[in-house]
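For reference, the structure is listed below as structure tokens.
The values are calculated or read from the model by the stated rules, or taken from the named source; none is laboratory data. A quick note: this is a predicted structure, and the numbers were derived from the prediction, not measured. Counting neighbours? That spans all protein chains shown, and the Cβs are built from the backbone with ideal geometry, glycine included. These area figures cover heavy atoms from the full protein model, side chains too; ligands, DNA and RNA do not enter into them. Shrake-Rupley method; radii C 1.70, N 1.55, O 1.52, S 1.80 Å.
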Amino acid sequence: QVHLVESGGGLVQPGGSLRLSCDASMTIFNLWVMGWYRQAPGNERELVASINNEGRTNYRDSVEGRFAISRDNAKKIIWLQMNSLKPEDTAVYYCNTAPARHSWGQGTQVTVSS
């Protein structure tokens, strides 16, 4: 069974930074496209960024240039470096494959507020 454990969220002021981590206990981790998702209250979960096994990345327009996704295949970890955070980035952030194939973890709350 796959376990996804996200961490690193918190409260940050607009313009601040956070780095999220996801520990993924899955076999053949290096073959999966991995992604970071987020869900704000009242909204559907959305894919924020993805990274394939070769390190090729994709971002939704609203975070392009501010967020950076990376991975360590040996450690089965992915990260999301978030800079220049905005209040509209407030959400619970999750990791999963892209598209999502596994049960969701508990997520990590990111709150951007002054």
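Residues in the stretch 90-114 that are touching a helix residue (DSSP H, G or I) at 6+ places or on another chain (Cβ under 9 Å) and either open to solvent by 70 Å² or more (accessible area, probe 1.4 Å) or under 11 Å from L20 (Cβ atoms) (or both): how many?
Result for the stretch 90-114: 2.
If you check A98 against the conditions, is it among the aliphatic types (A, V, I, L, M) and closer than 15 Å to S25 by Cα?
Against the criterion (among the aliphatic types (A, V, I, L, M) and closer than 15 Å to S25 by Cα), A98 does not qualify.
Could you say whether any residue in the stretch 64-83 is in contact with a Cys (Cβ under 8 Å, 6 or more places away or on another chain), part of a strand (DSSP E or B), open to solvent by 40 Å² or more (accessible area, probe 1.4 Å) and within 21 Å of V12 (Cα to Cα)?
Yes - at least one qualifying residue is present in the stretch 64-83.
Specify the residue that is surrounded by the most Cβ atoms within 10 Å (Cβ to Cβ); the eligible residues are those in the stretch 6-16 that are under 11 Å from the mean Cα position of the chain (by Cα) and part of a strand (DSSP E or B).
E6
If only one of D23, D61 is out of contact with any Cys (no Cβ under 8 Å at 6 or more places or on another chain), touching a residue at least 24 places away in the same chain (Cβ under 8 Å), among the acidic types (D, E) and over 17 Å from S113 (Cα atoms), which one is it?
D23
Condition check ((1) more than 15 Å from G105 (Cα to Cα); (2) at pLDDT below 95) across all residues:
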| residue | (1), (2) |
| --- | --- |
| L20 | no, no |
| A24 | no, yes |
| L31 | yes, yes |
| R38 | no, no |
| N43 | yes, no |
| R56 | yes, no |
| Y59 | yes, no |
| G65 | yes, no |
| N73 | yes, yes |
